[in-house]
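Report on the structure given below.
The values are calculated or read from the model by the stated rules, or taken from the named source; none is laboratory data. Remember, predicted model here, so these are calculated numbers, not experimental data. No Cβ is skipped: glycine too gets one built from the backbone with ideal geometry, and neighbour counts run over all protein chains shown. These accessible areas exclude ligands, DNA and RNA; they are computed on the full protein's heavy atoms, side chains included. Shrake-Rupley method; radii C 1.70, N 1.55, O 1.52, S 1.80 Å.
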Amino acid sequence: MNKWITSALLAGALVSGQFLGQAMAQDDKDTVRLGIDVPYEPFVMRDADGKLEGFEIDLGNELCARANLECSWVEQSWDGIIPGLLARKYDAILSSMAITPERERQVMFSLPYYNTPSVWITARDRDIDIDDKASLKGLSVGVQRGTIRDVYVTQEYGDVLDIHRYGSSQEVVNDLKSGRLDLTFEDFPIANDAIDFRQEDSPYKQLGDSIKTPTSIFGKGAAMAFRQRDKALAAKFDKAICEVYADGTFDKLMDQYFDYDLSVRPSEADCAQ
């Protein structure tokens with residue numbers, strides 16, 4: 001084989017290798033595991049085949065695509081979701097976790113991606129004044145264990161209400177509907193979906209105003225959570241959150257699942273970082 005042919009073959013191999021390497025680099029996505037508590041309709045639920053679906057599943061998959069990440073979902077009950085992250089069972093939490101000072105001492109948060117209030121719900125035929133604390137003495141209230149609503153009820157009403165804590169929001173709703181609870185203090189989307197308290201002919205009603213304060217308990221909205229050291233990963237998702245808001249993708253996803261606004265749009269300063 002003469003030198004010219006040998007050189008041509010080597011050059012071709014180098015060029016082919018270069019394109020192959022570029023193609024592999026484009027397809028070589030980092031794998032990220034996302035922890036989530038199931039179910040939490042309409043944020044996450046199962047279809048007839050058992051596959052996860054819902055607003056946060058769609059949003060999470062969109063964020064991963066924009067961050068060029070290959071993501072999978074890991075189910076974890078709420079009361080163990082932060083310990084699971086710290087134990088490296090998954091790489092991030094995307095499960096409607098509100099940013100609070102207490103949690104910020106344990107994990108690092110992304111930009112918030114939505115924010116909703118919490119509401120008091122009772123049977124429509126009950127005459128309960130949630131603002132008259134003395135009149136609540138001995139009444140039972142259901143909350144999901146370890147949530148910001150658990151913290152709020154414990155801190156503000158623990159001296160008058162009989163607090164029942166449950167492993168899931170569905171258990172709370174079940175006991176309210178069965179008459180085993182006088183009240184529930186619930187996240188608005190869950191109550192709206194599972195209790196349907198907004199209709200005049202519903203057997204349930206909201207008590208008082210919707211609640212988002214104090215921020216020391218309710219935080220700035222729901223965000224993804226990461227281990228403190230994973231700053232680069234958090235930055236990728238922050239960028240993706242800014243993008244889905246900027247081009248209207250967030251609004252389209254939101255409108256598929258909700259008839260109310262839960263957006264919390266990032267500022268230009270947040271997205272310029």
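A few comments on the model shown:
- With respect to the conditions (1) under 20 Å from K252 (Cβ atoms); (2) crowded, with 22+ Cβ neighbours inside 10 Å; (3) touching a helix residue (DSSP H, G or I) at 6+ places or on another chain (Cβ under 9 Å), G60 lacks only one, and its number is (3).
- Meets criteria (over 15 Å from the mean Cα position of the chain (by Cα), open to solvent by 10 Å² or more (accessible area, probe 1.4 Å) and among the hydroxyl-bearing types (S, T, Y)) for S135: yes
- Residue within the stretch 106-113 that is surrounded by fewer than 17 Cβ atoms within 10 Å (Cβ to Cβ), not in a helix (DSSP H, G or I) and not β-branched (V, I, T) present: yes
- Scan of the stretch 93-117 for residues that are within 11 Å of the chain's Cα centre (by Cα) and not hydroxyl-bearing (S, T, Y), ordered by number: I93, L94, M97, A98, I99, P112, N115
- Just one residue in the set D175, D182, D159 is open to solvent by 60 Å² or more (accessible area, probe 1.4 Å) and over 19 Å from the mean Cα position of the chain (by Cα); that residue is D159.
- Filter result for G146 (in a loop (DSSP other than H, G, I, E, B), of a type outside the set (D, E, K, R) and within 19 Å of P39 (Cβ to Cβ)): yes
Each row is one residue, and each column tells you yes or no for (1) in contact (Cβ under 8 Å) with a residue 60 or more places away in the chain; (2) in contact with a strand residue (DSSP E or B) (Cβ under 9 Å, 6 or more places away or on another chain); (3) polar (S, T, N, Q).
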site	(1), (2), (3)
W73	no, yes, no
G84	no, yes, no
A87	no, no, no
F109	yes, yes, no
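- Among the residues making up the stretch 194-215, those that are closer than 14 Å to P117 by Cα and either of a type in the set (A, V, I, L, M, F, W, C) or under 19 Å from the mean Cα position of the chain (by Cα) (or both) are L207, I211, K212, T213, T215.
- Yes/no for Q228 being among the polar types (S, T, N, Q), touching a residue at least 60 places away in the same chain (Cβ under 8 Å) and in contact with a Lys or Arg (Cβ under 8 Å, 6 or more places away or on another chain): no
- Per the listing A123, A87, the residue uniquely open to solvent by less than 60 Å² (accessible area, probe 1.4 Å), at pLDDT 95 or above and small (G, A, S) is A123.
- Members of the stretch 53-89 found to be part of a strand (DSSP E or B) and either within 18 Å of F258 (Cα to Cα) or not hydrophobic (A, V, I, L, M, F, W, C) (or both), listed by number: E53, E70, S72, E75
So that you can scan it fast, the table gives a plain yes or no per residue for (1) in contact with a Lys or Arg (Cβ under 7 Å, 6 or more places away or on another chain); (2) open to solvent by less than 70 Å² (accessible area, probe 1.4 Å); (3) within 26 Å of P266 (Cα to Cα); (4) of a type in the set (F, W, Y):
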site	(1), (2), (3), (4)
R165	yes, no, no, no
E171	no, no, no, no
N192	yes, yes, yes, no
S202	yes, yes, no, no
S210	no, yes, yes, no
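- Yes/no for A235 being under 18 Å from the mean Cα position of the chain (by Cα), hydrophobic (A, V, I, L, M, F, W, C) and either open to solvent by 30 Å² or more (accessible area, probe 1.4 Å) or within 30 Å of D125 (Cβ to Cβ) (or both): yes
- Residue within the stretch 91-99 that is outside any strand (DSSP E or B) and open to solvent by 20 Å² or more (accessible area, probe 1.4 Å) present: yes
- The set of residues from the stretch 239-269 being open to solvent by 50 Å² or more (accessible area, probe 1.4 Å), over 25 Å from S118 (Cβ atoms) and part of a helix (DSSP H, G or I) comprises K239, E243, A246, K252, E268, A269.
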